[in-house]
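Taking it in order: structure first as C-alpha cells, then the write-up.
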Amino acid sequence: MRKETVKTAIWRGERLIVVEDIPAQVCGTCMEQFYDEDTTDVLRRLTEEDFASIEPKREAVVPIYSLEGRIIRRPASEEEMPVDY
C-alpha cells in the first residue's frame, strides 16, 4: 500500500462527476483505492447532496463512444457450452 492523491468518477443518473485531489491508500498490485473514514464521509455527503454545496474546480468535455453494432459474437466452443447434469 502506498499513499497517493487520486481521482474517481461518480455517475449520478446521466451526469458524470469527476472528483480529484482525494487522499488514498493504493494497492501496488491491484491498484485498488482505499479511503480513510473522514474522506469516505466527505465523498458520501457530497454525493448525497449531488455536489450542490461546492463549485467545480473546472469542467471538461468528455467524448463518449459506443460499442453498439461493433461486437461480433463468436460461436461458443464446446468448452463454453452449458452442460446439464
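The values are calculated or read from the model by the stated rules, or taken from the named source; none is laboratory data. Quantities reported herein were computed from a predicted structural model and do not represent experimental measurements. Don't worry about glycine lacking a Cβ; one is built from the backbone with ideal geometry, like all the others, and counts go over all protein chains shown. The area values use the complete protein model at the heavy-atom level, side chains included, leaving out ligands, DNA and RNA. Shrake-Rupley method; radii C 1.70, N 1.55, O 1.52, S 1.80 Å.
Using a probe radius of 1.4 angstrom, the carbon and sulfur fraction of the accessible surface of the chain is 52%. With loop membership from DSSP and a limit of 16 other Cβ atoms within 10 Å, the longest segment of the chain without trypsin sites (Lys or Arg not before Pro) is 1-56.
If you take the C-alpha gyration tensor of the chain, multiply each eigenvalue by 5 and take the square root, what semi-axes do you get, largest first, in whole Å?
On the way: eigenvalues 259, 91, 39 Å².
Over the Cα atoms of the chain, the semi-axes work out to 36, 21, 14 Å.
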